[in-house]
Amino acid sequence: MSTLFNSFYNVADSSYWKVKSTICTVYVLSLARLRGIEIGSGSSFFGLTKFKKARAARIKIGANSCFRSSARSNLIGINRPCIVSALGSSSEVLIGDDCGFSGTVIGCFDKIEIGHRVKCGANTLITDGDWHAEDPRSSKPRPIHIGDDVWLGVNVTVMKGVTIGENSLIGAGSIVTKDIPPNVIAAGNPCVVIRPLLK
């Protein structure tokens, strides 16, 4: 009996998420177009991603990317919606194809470039500025570049001026303040290289 119930529940749950994703995707894409945000074909939204863009700024998202903003849409647990903002007058957020985001916040004042097939685990933060420009302790925003096939674990924070090389894996809870080379596992606060990825 429990096997039958589990099968029924799984089918019902899967159908629920398909319907919810379709509705959210149509809504988010419509709103994004009105705001001049470029989103590639095949991208999907589970829950409502929030976008904020300065008038002359640019947000471009590649094809087949997935944004999970609903708390139940990722079983590891999402504590906020995805938020993508380009706040500087000429700032740019450029995201490649086939990327995945779960409760990810991207805050851009200069330029944030994310390659293809990048995985951003639950509640990750990527920001190229200090958010308090009026404070004398703040310094200028600096661009971030995240290479193809990078995987950011749950609760990773990527700070301004950082480049993460392609195919690198950043461990859960890390704070990335300096460049990380390609093809390594890195973790910690501050994030440091642990070892090369085995070929």
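The values are calculated or read from the model by the stated rules, or taken from the named source; none is laboratory data. All figures in this text were calculated on a predicted structure; none of them were measured in a lab. For neighbour counting, all protein chains shown are included, and Cβ atoms are generated from backbone atoms with ideal geometry for every residue, glycine included. Surface accessibility is based on the protein's heavy atoms, side chains included, excluding ligands, DNA and RNA. Shrake-Rupley method; radii C 1.70, N 1.55, O 1.52, S 1.80 Å.
Consider the range 28-47 and keep the residues that are under 19 Å from Asp98 (Cα atoms) and either of a type in the set (Ser, Thr, Tyr) or out of contact with any strand residue (DSSP E or B) (no Cβ under 8 Å at 6 or more places or on another chain) (or both). The one that is most open to solvent (accessible area, probe 1.4 Å) is Ser41.
The set of residues from the range 53-62 being under 21 Å from Val26 (Cβ atoms) and either exposed (fewer than 14 other Cβ atoms within 10 Å of the Cβ) or under 14 Å from the mean Cα position of the chain (by Cα) (or both) comprises Ile59, Lys60, Ile61, Gly62. Output the qualifying pairs, or none if there are none: Cβ atoms under 6 angstrom, residues six or more apart or on different chains, first residue in the range 42-62 and farther than 18 Å from Lys111 by Cα and in a strand (DSSP E or B), second residue modelled with pLDDT of 95 or more and among the aromatic types (Phe, Trp, Tyr). As it stands, the answer is Phe45/Phe67, since those pairs meet every condition given. Apart from one condition, Val154 fits all of (1) open to solvent by less than 60 Å² (accessible area, probe 1.4 Å); (2) closer than 17 Å to Phe101 by Cβ; (3) without any contact (Cβ under 8 Å) to a residue 60 or more places away in the chain; the exception is (3).
Give Pro136, Pro190 a once-over and let me know the one that is touching a Ser or Thr at 6+ places or on another chain (Cβ under 6 Å) and open to solvent by 70 Å² or more (accessible area, probe 1.4 Å). Give the steps one after another, and end with the answer.
Details: Pro136 fails: touching a Ser or Thr at 6+ places or on another chain (Cβ under 6 Å).
Being touching a Ser or Thr at 6+ places or on another chain (Cβ under 6 Å) and open to solvent by 70 Å² or more (accessible area, probe 1.4 Å) holds for just one of Pro136, Pro190, which is Pro190.
For the range 125-146, residues that are touching a His at 6+ places or on another chain (Cβ under 9 Å) and at pLDDT 95 or above total 0. Taking Asp98 as the residue in question, decide whether it is in contact (Cβ under 8 Å) with a residue 24 or more places away in the chain and at positive phi. Yes: the conditions hold for Asp98. Inside the range 1-25, residues that are modelled with pLDDT of 75 or more, open to solvent by less than 90 Å² (accessible area, probe 1.4 Å) and of a type in the set (A, V, I, L, M) make up a count of 1. Which of the residues spanning the range 163-180 are more than 17 Å from Gly121 (Cβ to Cβ), open to solvent by less than 60 Å² (accessible area, probe 1.4 Å) and either at pLDDT below 95 or in a loop (DSSP other than H, G, I, E, B) (or both)? Residue satisfying the conditions is Gly165 alone. Of all residues in the range 64-84, those that are open to solvent by less than 10 Å² (accessible area, probe 1.4 Å) and either at pLDDT below 95 or outside any loop (DSSP other than H, G, I, E, B) (or both) total 2. Every condition in (1) modelled with pLDDT of 95 or more; (2) open to solvent by 10 Å² or more (accessible area, probe 1.4 Å); (3) farther than 21 Å from Lys160 by Cβ is met by Ala122 except one, and the failing one is (2). The single condition among (1) under 21 Å from Gly115 (Cα atoms); (2) at pLDDT below 95 that Ala57 does not satisfy is (2).
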